[in-house]
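All of the numbers you see were taken from the coordinates with simple rules; none came from a lab. The model shown is predicted, which means the values in this text are computed figures rather than measured ones. Virtual Cβ from ideal backbone geometry, glycine too; neighbours counted across all protein chains shown.
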Amino acid sequence: MIEKDVLIIGGGPSGLCAASMLIESGLKVMIVDRGLSLGGQLVKQTHKFFGSKEQYAKTRGFDIAKILIDQVKDHGNLEVLQEATVLGLYKDKVATISYQNEYLKIKAKTIIVATGASEKFLAFENNDLPGIYGAGAVQTLMNQFGVKPADEIIMIGSGNIGLIVSYQLLQAGIKVKAVIEASSKIGGYKVHASKLRRLGVPIYTNKTIKKAIGTTRVEAAEIVSLDEKFNEIEGTSEIIKIDGICISVGLAPSYQLLDMVDAKLGYIPELGGTVALVDEKHMTTVDGIFSCGDSIGIEEASSAMMEGYLTGLYVSKYLNQDHSKYVELVRKYEESLALLRGGPFGSKTRKGLKDMKEMMADVR
Amino acid sequence: MRIKTHPILSFEQKEEIVFTFEGKEVIGQKGDTIASALVNLGVDVFSYSIKLKRPRGFYCAIGNCASCKMIVNGKPNVKTCITKLEPHMDVKIQHDKGVYK
Ligand SMILES: Cc1cc2nc3c(=O)[nH]c(=O)nc-3n(C[C@H](O)[C@H](O)[C@H](O)COP(=O)(O)OP(=O)(O)OC[C@H]3O[C@@H](n4cnc5c(N)ncnc54)[C@H](O)[C@@H]3O)c2cc1C
Ligand code: FES
């Protein structure tokens, strides 16, 4: 059995940032990630980020991933296991890992679950046909591996991910026939929507996909209009010929490993659905097991980074090996997080975190 | 199909990797996952659902959903979207729950 001070499950922005604080504190850390490279979702993000300098604004996602990986790479206190999937987590802080056709066991004094999120799915007829992908999958294929998923596609969902990935599809030479949105308003930022419209991509509101058409793969989609109560309006059916459908209807936190150790969960729609409850130091209801990033609430990569730094710092204190600049850095990152969550776009997250706090008070 | 020109990214031609898909020799690239190599070859169906035998492609590409599972070198239920392509891999469509030998 391998023994470590801290095991971090997930090497996305939050896991990497947590690791950087922990190794600086002199702790022995292991990151386990099932992907082909570290960086989590960032490695496929070609767009430039918003935010301030601290969160690498104006830098492209995949370049931020490089910066974060370089921060921790080749450090004597950090061991990284890649293409390794954590299958089981136990209350005595043991994790079982599938790695190169073998099962490994790791025991750690503390565990940080930074497993990110999975994409939500949508119910419609034939939604299981090949050629129907999550928006993130399409992004992974084209931006990380340079392979086209389809020639002509429709995007379901007009949130920021739907809009940004539509633009990236165009950049890869794929025709986006339409963006379909069930609500009466476009979900994402106006700048992203305008960019698409300028390039001739129609964005239809009050519409949804009713059915995918095809036998061994998707060949067309049936689209219908919706009234204000989201009921189908008869006689509005329209067939769009495509060879790919992209679904972008939100992300759901990956809390499953935390469920295995009986961490208390709560349903908080503003944070993406079911999440493990954490206290103000990001510890779950299981002593010594922490979580950060999308796995405890869907936000953006910038917040995931700030949360990761903070969780790394909190864990250094929990293990009585405080980071040498603990007080200063905690203040700095807490301020950045508050700033990121300020303003009208942060109101959902703020409400979710308030609910989290109340639920946590109830279970303690 | 590979992306040839891109305004931001550059995808240089990489070393070829020969592997077999359904018994036939095919070609992928260094750096591919099994799934990305197959999509490039125009493969749509990775597996069939267990009960109704409906075709399954891949959905998430990050190891979350298991719809990309295939039989690789005789081992079933390999998530091909997070498995690196290696020379001479034997990749087969999976039709059932899988049998471990
Ligand atoms: C399609 C898509 C588009 C996005 N677009 C934007 C955007 O435009 N701007 C923005 O700011 N944010 C965007 N985001 C969100 C942003 O990527 C996330 O907020 C951020 O990556 C979250 O970081 P994280 O470290 O919490 O998780 P992730 O980046 O998801 O990293 C989680 C890591 O955990 C690993 N993992 C999970 N389970 C296991 C396991 N059992 N064993 C081993 N490893 C495991 C995964 O391989 C992954 O590397 C997008 C997300 C998606 C999915
Ligand atoms: S496509 Fe979802 S696990 Fe591979």
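Summary table below
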quantity: Derived scalar couplings ³J(HN,Hα) [the range A:176-181; Karplus, 6.51 cos²θ - 1.76 cosθ + 1.60; whole Hz; x for Gly, Pro]; calculated: 9, 6, 5, 10, 10, 10
quantity: Sequence of A:158, A:248, A:20 once ranked by neighbouring C-beta atoms within 10 Å, starting from the fewest; calculated: A:20, A:158, A:248
quantity: For the range A:78-118: rounded, prolate or oblate by the Cα gyration tensor [a/c cutoff 1.5]; calculated: rounded
quantity: Label-to-label distance, nm, for residues given as residue A:350 and residue A:190 (7 Å Cα→Cβ offset); calculated: 2.1 nm
quantity: DSSP beta bridge pairing in chain A, given as percent antiparallel to the nearest 5; calculated: 50 percent
quantity: Nearest-ten-degree value, helix A:61-72 long axis tilted from longest Cα axis of chain A; calculated: 10 degrees
quantity: DSSP-assigned coil residues among GluC sites (Glu not before Pro) in the range A:193-235, each with at most 10 further Cβ atoms within 10 Å; calculated: A:228, A:234
quantity: Gap separating the Cα centres of the range A:41-114 and the range A:123-176, nearest whole Å; calculated: 25 Å
quantity: Directionally averaged projected area (convex hull, Cα atoms, chain B), nm²; calculated: 6.9 nm²
quantity: Most mobile listed residue (A:21, A:142, A:305) in chain A, GNM with C-alpha springs under 10 Å; calculated: A:142
quantity: GNM flexibility winner over chain A from A:119, A:181, A:280 (Cα, springs under 10 Å); calculated: A:280
quantity: HN-Hα J in Hz across the range A:154-161 - Karplus 6.51, -1.76, 1.60, θ = phi - 60°, x for Gly and Pro; calculated: 10, 10, 9, x, 10, x, 4, 5
quantity: 0 to 90° range, to nearest 10: angle between helix A:326-340 axis and chain A longest Cα axis; calculated: 10 degrees
quantity: Residue of A:34, A:331, A:198 that the Gaussian network model of chain A assigns the largest fluctuation, springs spanning Cα pairs under 10 Å; calculated: A:198
quantity: Dimensionless Rg/Rh of the range A:210-269 - Kirkwood Rh, Rg from C-alpha atoms; calculated: 1.20
quantity: Simple spin-label estimate for residue A:338 and residue A:48 in nanometres, 7 Å along Cα-Cβ; calculated: 3.0 nm
quantity: Anisotropy class of the range B:59-101 from Cα gyration tensor, a/c 1.5 cut; calculated: oblate
quantity: Reduced Cα scattering model of the range A:168-301, Debye log10 I(q)/I(0), q = 0.15, 0.22 Å⁻¹; calculated: -0.89, -1.22
quantity: Stokes-Einstein D for chain A, Kirkwood Rh over Cα pairs, 37 °C, 0.692 mPa s (µm²/s); calculated: 153 µm²/s
quantity: GluC sites (Glu not before Pro) within the range B:7-101: DSSP coil, no more than 12 neighbouring Cβ in 10 Å; calculated: B:12, B:15, B:22
quantity: Of the trypsin sites (Lys or Arg not before Pro) in the range B:1-94, those whose Cβ has at most 11 other Cβ within 10 Å and which sit in DSSP loop; calculated: B:4, B:51, B:53
quantity: Estimated distance in nm for a label pair at residue A:101 and residue A:361, the labels positioned 7 Å out from Cα along Cα-to-Cβ; calculated: 5.6 nm
quantity: Under 5 Å, built H, 5+ apart or other chain: amide partners of residue A:265; calculated: A:277
quantity: 3J(HN,Hα) from dihedral phi, the range A:15-31, Karplus parametrisation 6.51/-1.76/1.60, rounded to Hz, x for glycine, proline; calculated: x, 5, 5, 4, 4, 4, 5, 6, 5, 5, 7, x, 8, 8, 10, 10, 9
quantity: The range A:237-317 shape via C-alpha gyration tensor axes, a/c threshold 1.5; calculated: prolate
